[in-house]
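Structure first, commentary second.
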Amino acid sequence: MPDLETFDDIVLGGGKGGKSLAMELGPRGHRVALIERGQIGGTCINVACIPTKTMVASAKLAEFAGRSAEFGVNGGPLHASLSAVLERKNKVVKEMVDSHWKLFTTTPNLELIVGVGKFVGPKQIEVTLDDGRKRLLSAERIFINTGSRTTIPPIPGLSETPYLTSTSIMQLAELPTHLAIIGGGYIALEFAQIFRRLGSAVTVLLRGSRFLPREDEDIAACVKEILEEEGIVFRSEIDFKNVRKNASGEIEISLSGKNGDEQLQCSHMLVAIGRYSNTAELNLDAAGVKADGRGNISVNERLETNVPGIWAIGDCNGGPLFTHVSWDDYRIIRDNLLHQAGRTTTGRLVPYTLFIDPELGRVGLTEQDARKQGYDIVVAKIPAKKIPRSNTAGETKGLLKAVIDKKSERILGCSLLCHSAGEVMSVVQVAMLGGLSYKDVRNIIFTHPTMAESLNLLLATV
């Protein structure tokens, strides 16, 4: 065994929450080891939020350029180059990775260790380096921030058939002629629209009968209608019998559904049914750390595991799989460690945005959830085409919706499917946190014409 090296803090994984905590504690005099297997800066920067949103921007420009005549601009023949789109994506990612390398290697008292770590005792981590050497580390405090990985369904033939994940699809050398996507969640829909706008035929395959089941049916129907207008085909209530690559190089997906058995042929297949906690290789039993059947590390409201001195941050603890949640996990732990603040995850108001175009931004309760919880509610709703800024920007697709508690007149939640929805939703989030009534928000003087002004119009319908 290698010699035991002692640190004050060990951070397993350099994602948003973990890296932020490591760079906070080092300058405060803590000797910190940050262990990362290779994605410097974490999943978000390397293979998730940042690269996908650069591709969303390219696809948006392609769509807008195709509509240039609507704006009185004469454009030439339009050609979207996947290689150029990915080159831009790679440039953006590289700049952020390089900046993180610099941060990790210049932060006082912080040692970046590139390798794979696992528990070999309650407070001991063995790290296997790229060259096969091992290091043995111990610390008073250990923070697990190992993220999540793609879920691969048990479809017969899948392991022998070339398929894409949310990572490998951003490394393609050629544009798919026909992209079939297994799954209908956020990752699936964002890539569906990206590749449709870049020129691929796209078919989305869904097991269930309900599209976007966590959203209200009217919002989900509007999302589906927008995507179908762009030429994306949706198939629901299907089972996957098997997949294979045929002699001509096409991928054949054998399906059974409402119309019986059939085969779908495509040039490329993306598997995007979700993600699960990336904890299988951590050897949690050696530390006595408890996890559920899906590998989610069990934590309390202070993000502490069942083992004193060990915390779990971000995707690996089974919370909402968002970078901004990992960031807030870091802030909770930071404030409790350094300032005894007593902060918890209880009652967190977590927003999210589906980055299709137009965006879907949501915070708080949907109408269906509010009714299930027994609230007596009023629902405000307007189409996006009623918003002046939507018309001036040529972005009139979508639907805006707010759910209001009759008794308190507080906003319980909103679902905004419109231009810049993520930004406008954040205004509602602040209003909810501030305890403003819907009347307070309705009467705010917003600049005209802006998308924020849509809240005046939406809440005036109550």
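Remarks
- Taking the number of Cβ atoms within 10 Å of each Cβ as an exposure proxy, the fewest-first ranking of His178, His79, His100 is His79, His178, His100.
- Highest-first arrangement of 334-346, 5-17, where packing means the average Cβ count within 10 Å: 5-17, 334-346
- Cross-link pairs beyond the 26 Å C-alpha cut-off, checked among Lys224/Lys401; Lys53/Lys241; Lys381/Lys407: Lys53/Lys241
- In plain terms, the residue of Asp131, Asp218 with the fewest other Cβ atoms within 10 Å comes first and the most crowded comes last, giving Asp131, Asp218.
- Of the trypsin sites (Lys or Arg not before Pro) in the stretch 180-232, the ones in a loop by DSSP (not H, G, I, E or B) with at most 14 other beta carbons within 10 Å are Arg210, Arg214.
- Restricting the calculation to Cα atoms, every distinct pair contributes to the Kirkwood radius of the chain, found to be 24.3 Å.
- Taking the chain as a whole, the Cys residues whose C-beta sits 4.7 Å or farther from every other Cys C-beta are Cys222, Cys266, Cys316, Cys414, Cys418.
- Sorting 427-433, 351-357, 145-151, 102-108 by average packing, meaning the other beta carbons within 10 Å per residue, from highest down gives 145-151, 351-357, 427-433, 102-108.
- For the chain, complete DSSP H runs whose alpha carbons reach 15 Å or more along their own long axis and whose mean Kyte-Doolittle score is -1.0 or higher are 49-66, 82-106, 186-198, 217-229, 323-339, 421-433.
- From largest to smallest, the equivalent ellipsoid semi-axes obtained for the stretch 358-459 from the alpha-carbon gyration tensor read 22, 14, 11 Å.
- Order of Ile182, Ile387 under a 10 Å beta carbon neighbour criterion, fewest first: Ile182, Ile387
- Relative contact order computed over the stretch 99-211 (Cα-Cα under 8 Å; 6+ residues apart), in percent: 14 percent
- Among the listed pairs Lys89/Lys386; Lys16/Lys94; Lys60/Lys385, those with a Cα-Cα distance over 26 Å are Lys89/Lys386.
- Averaging the sequence gap over all C-alpha pairs within less than 8 Å and six or more residues apart, then dividing by the number of residues, gives the stretch 158-273 a relative contact order of 35 percent.
- Within the chain, antiparallel bridges make up roughly 60 percent of the DSSP beta bridges whose residues both belong there.
Quick note: the coordinates plus some simple rules give every number you see, no bench work behind them. Since the model is a prediction, treat every value here as computed from it, not as a measurement. Counting neighbours? That spans all protein chains shown, and the Cβs are built from the backbone with ideal geometry, glycine included.
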